[in-house]
Amino acid sequence: GGDARLGDRVLKYLQRQVAAYNAANVGAQIVLTVLDPLEITSFQSLMNNPTFFRSDDDIPADLKEIQAKIKAADGYIVVTPEYNHTIPPALLNAMDNFGGSNFAFKPSACVCYSKTA
């Protein structure tokens, strides 16, 4: 049994930790938004034409929603498998398609995991 992807288990752990933090810190809440590329079909089109090169009318609705979430976020936590001591190129490509200015001057963290130690 268990999760099909190891990342799902890591994400659940992170969600439990954030829930515990939120329970202990009533005044400072962390809101997690999960953006899973496997659940967002428009991510496939990003490989050909980045969002920041498109006109607003040409951006699919789900990508506009993600872009708005990125802009509105106070910070980011990326949960990803480790790939050659860094994040996978596909993840970097997906993030790059929204343009660096959307992520600028916001704290971030990366939780990388591997099947082997």
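Each label point was placed 7 Å from the Cα along the Cα-to-Cβ direction; for V31 and Y13 their separation is 2.7 nm.
State the extension gain, in nm to one decimal, for the chain segment bounded by S55 and L92, taking 0.36 nm per residue of separation less the distance between their alpha-carbons. Don't skip to the end; give the middle numbers.
On the way: separation 37, 0.36 × 37 = 13.32 nm, distance 2.22 nm.
Between S55 and L92, full extension yields an extra 11.1 nm.
Multiplying the residue separation of Y21 and C110 by 0.36 nm and removing their Cα-Cα distance gives an extension gain of 30.2 nm. Once the 1.4 Å probe is applied to the protein heavy atoms, the chain comes out at 70 Å² accessible per residue.
Each Cα pair of the chain feeds into the Kirkwood radius, which the Stokes-Einstein equation turns, at 4 °C and 1.567 mPa s, into a diffusion coefficient of 82 µm²/s. Using a 1.4 Å probe on the protein chains only, how many percent of the accessible area of the chain belongs to carbon and sulfur? Carbon plus sulfur share of accessible area: 56 percent.
The values are calculated or read from the model by the stated rules, or taken from the named source; none is laboratory data. This is a predicted model, so every value here is computed, not measured. Positions of Cβ are generated from backbone atoms using ideal geometry, with glycine treated the same way; all protein chains shown enter the neighbour counts. Surface areas here come from the heavy atoms of the whole protein model, side chains and all, with no ligands, DNA or RNA. Shrake-Rupley method; radii C 1.70, N 1.55, O 1.52, S 1.80 Å.
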